[in-house]
Every structure is written in structure tokens, then in C-alpha cells.
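Working notes, beginning with the structure itself.
The values are calculated or read from the model by the stated rules, or taken from the named source; none is laboratory data. These numbers come from a predicted model, not from an experiment. Quick reminder, even Gly has a Cβ in these numbers, built from the backbone with ideal geometry, and neighbours come from all protein chains shown. For accessibility, only protein heavy atoms count, side chains too; no ligands or nucleic acids. Shrake-Rupley method; radii C 1.70, N 1.55, O 1.52, S 1.80 Å.
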Amino acid sequence: MKGRKKILFLQEFSMERKGGGVAIIKRLMMAADSFNYEAKVAYDRTANKGLPAEMDGQASFYTLPRNMRLGIGRLIATLTILSLDFFSFVSLVRLIKREDPDVVHITAHGVCFPIMVKAARFANKEIVVSVHDLWFFSVRGYISSRVAERLFRKSITAVNTLYVISPEMRDFLSEKYGKKNYQVVHDGILTPPEINYPKPVINHISIFYVGLLHAMQLITFNMLVEALGSILSHSFTIGICSGTEYMPDKIYNNITITNYGWVAEARVKEISKDYSYGLLPLSFDPDDELFYRTSLMTKIPFYTSVLLPIICIGPASASAVRLVEEEEIGMVCDSGRYDDILLMLKEIVQLTPETYAHYRNNLKQSAATTFNLELITGRFYHNLFPAVQ
């Protein structure tokens with residue numbers, strides 16, 4: 001096709017992994033052809049053991065192993081982070097020159113981020129960067145936050161376009177690192193959802209959780225389950241699609257918990273039809289405040305795509321809490337106190353059909369605007385070469 005360009009998505013994780021970053025890259029790759037781009041992804045084979053060197057639409061590069069004992073693996077990881085790992089650098093340069101893309105998209109995640117940027121610069125390629133969460137969170141086990149921030153600043157110095165997961169991330173990076181072409185790109189919805197109301201069940205509420213269940217969320221999750229267990233006027237079903245099997249601290253006679261494990265996206269959507277709400281528990285630990293303030297959970301666009309009003313429990317500063325409140329797509333408790341969580345849940349069990357319909361109508365509106373995949377992918381591809389376009 002005339003004028004067709006090539007984009008190489010370069011990152012530590014492969015497309016076989018689970019998580020929000022993978023979902024976003026998959027959506028962008030699927031849309032490439034409609035914007036006259038050929039898309040290829042390349043991942044770090046060392047961080048994705050057991051996968052073949054070449055898979056459909058995916059290439060790989062190799063970095064030095066980081067799982068050695070006696071502190072050697074930690075030293076190697078630190079050398080890679082500091083771009084002193086010549087072996088990995090050569091592997092990346094060879095990959096980039098072999099693929100010969102017009103633009104290299106790099107996800108700021110994992111120990112390879114700075115050396116990927118360095119290799120793409122050496123290969124004289126246009127570079128754009130996506131920031132799904134603050135990079136120093138993924139390397140704080142190896143280097144200090146101060147060193148990580150300095151490396152991040154250096155890595156993005158010559159980058160014109162930064163794709164960010166949320167407006168809050170844009171504001172944070174803009175204040176800290178200065179003016180760039182910041183564009184909000186997160187997961188989105190291609191097909192407008194249909195409003196199919198679940199059959200009401202008297203005195204029963206079903207709640208659905210999808211995605212990774214991190215340790216820092218478990219305190220809030222456990223508190224929610226305990227609060228539900230105290231509402232004896234109702235029974236509850238909690239369905240969980242995650243790689244982590246959830247088991248409560250005690251058995252509650254009015255709560256049924258179903259762990260589905262990881263299943264395909266189509267199956268998750270099918271399962272969601274049996275539920276009335278989507279669950280989003282966050283952490284109230286002050287150490288997690290910056291993460292939640294800047295990152296947007298990809299659970300939100302999923303719940304939006306299946307029109308499940310969101311039960312969101314998290315600090316008021318969190319981007320997810322702000323979005324749910326501003327777009328009125330669910331109910332929020334911005335306190336980590338048990339009594340406040342219980343109060344919100346009691347309001348939910350007394351929710352009128354009219355209020356529930358209001359939330360679902362707002363979810364449909366969010367799907368058409370905030371999470372419109374055509375708008376999101378257009379924002380991405382039209383800003384790859386902002387100086388030209």
C-alpha cells in the first residue's frame with residue numbers, strides 16, 4: 001500500500017502475558033492497518049521464559065539472565081538498567097535494524113526501558129514512549145527512586161510524544177519533566193455495548209472482579225467481603241477472573257465466591273452477564289498513593305464495555321475514583337474505614353432500579369466517548385509524527 005509505514009512495539013513483556021499493558025498494545029496493533037501501518041511487536045525473551053524466539057506478529061531480543069544467585073542476577077539487572085549491558089544493547093540494535101521500522105514505540109516498564117531507548121536512538125529511529133505506570137515502580141527493587149527518575153528524564157529527553165494512561169499521569173509528568181506532546185491512550189471499546197438488564201433477584205447481589213489481584217488490594221478486598229458478610233438481609237455472589245485464587249479469611253453463609261481463573265476475553269464477557277456490578281478495590285497505603293493517582297485501571301474500560309456499574313473503593317486522589325465519580329458510572333467509597341465501606345454497601349442493596357439504570361446509561365455514554373477505541377487509536381497513530389502531521 002502506498003505510503004505504508006512500519007511501527008515496532010518494543011517492550012519487556014510479550015503479548016502472551018496478562019495485564020493492562022498487553023491489552024492496550026493489542027488494541028493498537030489491531031488498528032494499525034486502518035491507519036496504513038504495519039505493526040510488529042518485540043519482547044525480552046529473558047523476562048518471558050518458555051516462549052519461542054518468533055511468534056505470529058512477535059519478534060524477540062535477548063538480555064542477560066537476571067535470576068542468578070549470590071547477588072549476581074541483581075548486579076546484571078542493574079547494569080541493564082544503567083545501559084551498561086553491552087550484550088543486550090547489541091541484541092536490541094540488531095533487532096531494530098533488522099525490522100527497520102519508521103517509528104519505535106517503547107513501553108516504559110521493566111529493567112530494559114532505558115537500554116531500549118538507547119538502542120533505538122543509536123539506530124536513528126523516531127521514538128515514542130508509553131507510560132502506563134511510573135517507571136520507577138518496576139525497578140525500585142534494583143535502584144533508588146532518585147536514580148530511576150534521573151534515568152527516566154534522560155531517556156525521554158529527545159522524545160516528542162509521550163502516551164500516558166490518564167490525564168492525571170499527563171499532569172504529573174508535565175509538571176515534573178516539562179512540556180511534551182502528551183496524549184492520553186488507554187484501553188478502549190470498539191463495539192458499543194447493548195443494555196441488557198439482568199433479571200432482578202430479590203435480596204441477592206452479584207459482583208464481578210476481573211484482572212490481576214495485587215497484594216496491596218487485598219486489605220480492601222477482605223474488608224469488603226467482611227462488610228458484605230454482615231448484611232444478613234441479602235446474599236451475595238462474587239465472581240473473580242484472575243490468575244490469583246481468592247479465599248476469604250473466614251466463611252460467610254451469605255456469600256458465594258467463584259474463582260474462574262484466567263479465561264479468554266470472550267468468555268469473560270459471557271460470564272459477566274450473570275453479574276450486576278464490577279468491583280474495583282484499591283489500596284489506601286500512603287506508599288501506593290502516587291501509583292493510584294497516576295495510573296488508570298484497565299478494569300474500568302472492561303466494566304464499561306459490559307455495562308457493569310462500578311463499586312470503587314479507593315483514595316479520593318486516585319484517577320480511577322475521580323473518573324467513576326465524574327462520569328457517574330458507579331458508586332465510590334473514598335475511605336478505607338470498615339464502617340464507611342459498610343455504609344456504601346448498604347446504599348447499594350437499597351439502590352432503586354432508576355438509579356441503577358442511570359449508572360448503566362452513563363456507562364454507555366462513557367463507552368462512546370472516553371473509551372471510544374476509534375478515538376483512542378486515532379489519537380495514537382496521528383501523533384506518532386506530530387512535527388509532520
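Could we say that SER319 is under 19 Å from the mean Cα position of the chain (by Cα), modelled with pLDDT under 95 and not aromatic (Phe, Trp, Tyr) here? Criteria not met by SER319. Exactly one residue among ILE251, ILE143 is touching a residue at least 12 places away in the same chain (Cβ under 8 Å), in a loop (DSSP other than H, G, I, E, B) and either β-branched (Val, Ile, Thr) or under 19 Å from GLY314 (Cα atoms) (or both), and that residue is ILE143. For the stretch 258-303, taking the residues that are among the hydroxyl-bearing types (Ser, Thr, Tyr) and surrounded by fewer than 18 Cβ atoms within 10 Å (Cβ to Cβ), the one that is farthest from SER335 (Cα to Cα) is identified as TYR260. When only residues in the stretch 162-184 that are part of a loop (DSSP other than H, G, I, E, B) and basic (Lys, Arg) count, which is farthest from PRO114 (Cα to Cα)? If we take residues in the stretch 162-184 being part of a loop (DSSP other than H, G, I, E, B) and basic (Lys, Arg), then LYS179 is farthest from PRO114 (Cα to Cα). Among the residues making up the stretch 336-389, those that are part of a loop (DSSP other than H, G, I, E, B) and of a type in the set (A, V, I, L, M) are LEU351, LEU384, ALA387, VAL388. Scanning the stretch 77-93 for residues that are within 13 Å of PHE122 (Cα to Cα) and touching a residue at least 12 places away in the same chain (Cβ under 8 Å) turns up SER83, PHE89, SER91, LEU92, VAL93.
Among the residues making up the stretch 264-319, those that are part of a strand (DSSP E or B) and not β-branched (Val, Ile, Thr) are TYR277, GLY278, LEU279, LEU280, PRO281, CYS312. Examine the stretch 136-155 for a residue that is open to solvent by less than 10 Å² (accessible area, probe 1.4 Å) and touching a Gly at 6+ places or on another chain (Cβ under 7 Å), and state whether such a residue exists. Within the stretch 136-155, not a single residue is open to solvent by less than 10 Å² (accessible area, probe 1.4 Å) and touching a Gly at 6+ places or on another chain (Cβ under 7 Å). Close contacts from the stretch 254-275, counting a first residue that is under 17 Å from PHE221 (Cα atoms) and a second that is aliphatic (A, V, I, L, M) and open to solvent by 80 Å² or more (accessible area, probe 1.4 Å), with Cβ to Cβ under 9 Å and a gap of 6+ residues or different chains, come to ASN254/LEU232; ILE257/MET247; ASN259/MET247. In the stretch 347-371, the residues that are within 11 Å of LEU307 (Cα to Cα) and open to solvent by less than 30 Å² (accessible area, probe 1.4 Å) reach residues that are β-branched (Val, Ile, Thr) and part of a helix (DSSP H, G or I) with C-beta atoms within less than 6 angstrom, at least six apart or across chains, in these pairs: LEU363/THR304; SER366/THR304; ALA367/THR304.
If you filter the stretch 11-38 down to residues that are part of a strand (DSSP E or B) and either charged (D, E, K, R) or at pLDDT 95 or above (or both), you find that the one that is surrounded by the fewest Cβ atoms within 10 Å (Cβ to Cβ) is GLU38.
Kindly evaluate VAL159 against the criterion of being modelled with pLDDT of 90 or more, assigned to a loop (DSSP other than H, G, I, E, B) and under 21 Å from LEU92 (Cα atoms). In short, yes.
Restricting LEU190, LEU213, LEU232, LEU218 to residues that are at pLDDT below 90 and open to solvent by 20 Å² or more (accessible area, probe 1.4 Å) narrows the list to LEU190.
Which residue is farthest from the chain's Cα centre (by Cα), if the candidates are limited to the stretch 128-156 and must be among the aliphatic types (A, V, I, L, M) and at pLDDT 95 or above?
The extreme case among them is VAL128.
Filtering the stretch 111-132 to residues that are closer than 16 Å to LEU151 by Cβ and buried (at least 20 other Cβ atoms within 10 Å of the Cβ) leaves VAL111, CYS112, PHE113, PRO114, ILE115, MET116, VAL117, ALA119, ALA120, ILE127, VAL129, VAL131.
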